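Undergrad: Dumping the structure here so I can ask a few things about it.
The values are calculated or read from the model by the stated rules, or taken from the named source; none is laboratory data. Because the structure is a prediction, the values reported are computed rather than measured. Backbone-built Cβ (ideal geometry, glycine too); neighbour counts: all protein chains shown. Accessible surface is based on the protein model in full, side chains and every heavy atom, while ligands, DNA and RNA are left aside. Shrake-Rupley method; radii C 1.70, N 1.55, O 1.52, S 1.80 Å.
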Amino acid sequence: MNSSMEKVLLPNDVRKLLNVDNREIVELCRKTSVTPKKDGKGQIYFSIDEVKKLKNAKSSTIMEAREKKVTLPTISKPESQAVVNGLLDTLSKMENNITSSMTKILDEKLEGMDDVVLELVRCKTENENLKNKVNELNKENFKLKNVLNSFKPLVAGFYIKKEEENILL
């Protein structure tokens with residue numbers, strides 16, 4: 001590993017000793033300006049002194065984090081109830097705003113539908129009336145054809161009426 005037989009540690013050992021992962025080892029190396037070395041086989045290793053520097057850097061980082069730790073203010077029960085009530089009021093207002101805006105949009109979109117429905121009803125009624133009229137005219141046409149067929153030509157433009165066929169429709 002190292003030509004001077006000093007004690008060295010592999011990254012796996014450093015992770016276990018400092019209880020950190022590779023990312024944290026890289027951060028600690030940056031803070032302490034420690035550059036890991038490589039042996040002839042390309043394996044990374046740290047000297048004992050470097051690991052001590054990393055350990056000290058980790059301890060100081062933990063201390064800084066503890067000092068920076070922010071405590072949340074405590075809220076009493078009446079204050080928390082006021083916050084909850086405020087949130088409920090806000091949600092209620094949002095619901096009302098959404099409902100009114102959706103109602104407005106739907107009303108705008110459906111505004112012309114009343115006229116369309118009335119026109120469809122009027123067209124359907126007119127269609128039914130026309131169907132009834134066609135049926136009446138067909139019946140009348142049949143009766144008139146029956147009457148016309150009851151006249152048979154005689155001589156020189158004279159016709160004789162024979163009895164009409166009584167067919168019930």
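Undergrad: Could you please give the count of residues in segment 1-26 that are open to solvent by 80 Å² or more (accessible area, probe 1.4 Å) and either modelled with pLDDT of 85 or more or out of contact with any strand residue (DSSP E or B) (no Cβ under 8 Å at 6 or more places or on another chain) (or both)?
TA: The qualifying residues number 7.
Undergrad: Among residues belonging to segment 71-87 that are among the polar types (S, T, N, Q) and open to solvent by 100 Å² or more (accessible area, probe 1.4 Å), point out the one that is modelled with the highest pLDDT. Step through it out loud before you land on a result.
TA: To start, the set of residues in segment 71-87 that are among the polar types (S, T, N, Q) comprises 71, 74, 76, 80-81, 85.
The next check asks that each one be open to solvent by 100 Å² or more (accessible area, probe 1.4 Å); those that pass are 71, 74.
Working: Thr71: 65, Thr74: 73.
Applying the filter and picking the extreme gives Thr74.
Undergrad: Tell me yes or no: at least one residue of segment 67-81 is free of Cβ contacts under 8 Å to residues at least 24 places away in the same chain and under 19 Å from Leu17 (Cβ atoms). Steps first, please.
TA: Within segment 67-81, the subset free of Cβ contacts under 8 Å to residues at least 24 places away in the same chain is 67-81.
Subsequent filtering for residues that are under 19 Å from Leu17 (Cβ atoms) retains none.
No; the residues of segment 67-81 include none that is free of Cβ contacts under 8 Å to residues at least 24 places away in the same chain and under 19 Å from Leu17 (Cβ atoms).
Undergrad: Now, a different point. Within segment 122-142, is even one residue open to solvent by 90 Å² or more (accessible area, probe 1.4 Å), farther than 30 Å from Lys162 by Cα and among the β-branched types (Val, Ile, Thr)?
TA: No; the residues of segment 122-142 include none that is open to solvent by 90 Å² or more (accessible area, probe 1.4 Å), farther than 30 Å from Lys162 by Cα and among the β-branched types (Val, Ile, Thr).
Undergrad: Pick from segment 143-157 the residues that are of a type in the set (A, V, I, L, M) and open to solvent by 100 Å² or more (accessible area, probe 1.4 Å): which of them is modelled with the highest pLDDT?
TA: First, pick out the residues of segment 143-157 that are of a type in the set (A, V, I, L, M): 144, 147-148, 154-156.
Checking which are open to solvent by 100 Å² or more (accessible area, probe 1.4 Å) leaves us with 144, 148, 154-155.
Working: Leu144: 92, Leu148: 87, Leu154: 83, Val155: 83.
My answer is Leu144.
Undergrad: Right, here's the next one. Please count how many residues of segment 104-121 are among the charged types (D, E, K, R) and open to solvent by less than 90 Å² (accessible area, probe 1.4 Å). Spell out how you get there, then give the answer.
TA: Residues of segment 104-121 among the charged types (D, E, K, R): 104, 107-109, 111, 114-115, 119.
Cutting the leftovers down to open to solvent by less than 90 Å² (accessible area, probe 1.4 Å) gives us 119.
The number of residues fulfilling the criteria is 1.
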